[in-house]
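Visitor: Can you read through this structure? Questions will come right after.
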Amino acid sequence: MISAVLQTVGLLIHDINRPVVSCQETAGLYHDSVTFQRARTEEQRQIRRSAILDTAAAMLDEMPVAEMSLNELSRRVGLAKSNVLRYFESREEVLLELLDRDFRHWVAELSEELSAAIDPRHPARQRGDHLAAVFSRTLARHTLLCDLVSAQAGVLEHNVSVEVVVRYKRSARDSLVTLAELVRQHVPELGDSAWTVCLMAMIIAGALRTHARPSASTRAAYQCDPTLADLRLDLPTALEDTLATLITGTLARHTG
């Protein structure tokens, strides 16, 4: 009897000395272990991947691509970094996947926009100008897409496996094929060069987006010296002018 009492007292003392875990810590541990284990089917994996991508997109509304870290992404998603890496092999794969998703969304929106803006009865040059206007207006709304394109070669395509790059490139090529076919519907005079126009349009959009977001020091320099104002770029205007020139030159080469 005395032995049983002493054993009970010992258990109580052990429980008293045990570190106290807050409700918040307990919730975090539960979310990180139990919730993660629920992603067992392919459908659940896709839901988790989409949640990670959505969180990454929200972060890029607040910060440039270079400042987005996998540690902060993991914290915001509510998973350990090691668990995020079960879905994406690196931060760069997350960004490539996000680029691919935004590119496909933009292409899907274009059909209605182009049909509303381009009259097939107009001359090729005028239709080309309207094409440039639609591209620039819609791309200026998709700032995340432009940001990711600008970082693609220098950042996103590093620290990823060959398999990831191949998968991304194939998807990007499919989107470009769809885009080029859409462009040829409205400006058939471009012929096979519609592909080149579309590819260059994306590269130009990424480059101009970078220059249209000057640093704080550069913005201050523009304010200090008004003569430098013509060096400052407005993305929609600069993109439309550049694409119109590209399209007009391509048409001239085909008809000339």
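Visitor: Where does each of 136-149, 108-121 land if you order them by average Cβ count within 10 Å, highest first?
Guide: On the way: 136-149: 20.1, 108-121: 13.3.
Result, highest mean first: 136-149, 108-121.
Visitor: Which of the trypsin sites (Lys or Arg not before Pro) found in the range 204-244 are loop residues per DSSP with 14 or fewer other Cβ atoms within 10 Å of their Cβ?
Guide: R232
Visitor: Multiplying the sequence separation of Q44 and L70 by 0.36 nm and subtracting their Cα-Cα distance, what value in nm do you get?
Guide: Here the segment from Q44 to L70 would lengthen by 7.2 nm.
Where a number appears in this text, it was derived from the coordinates with a stated rule and is not lab data. All values derive from a computational prediction rather than experimental measurement. Cβ sites come from the backbone with ideal geometry, for glycine too, and all protein chains shown count toward neighbours.
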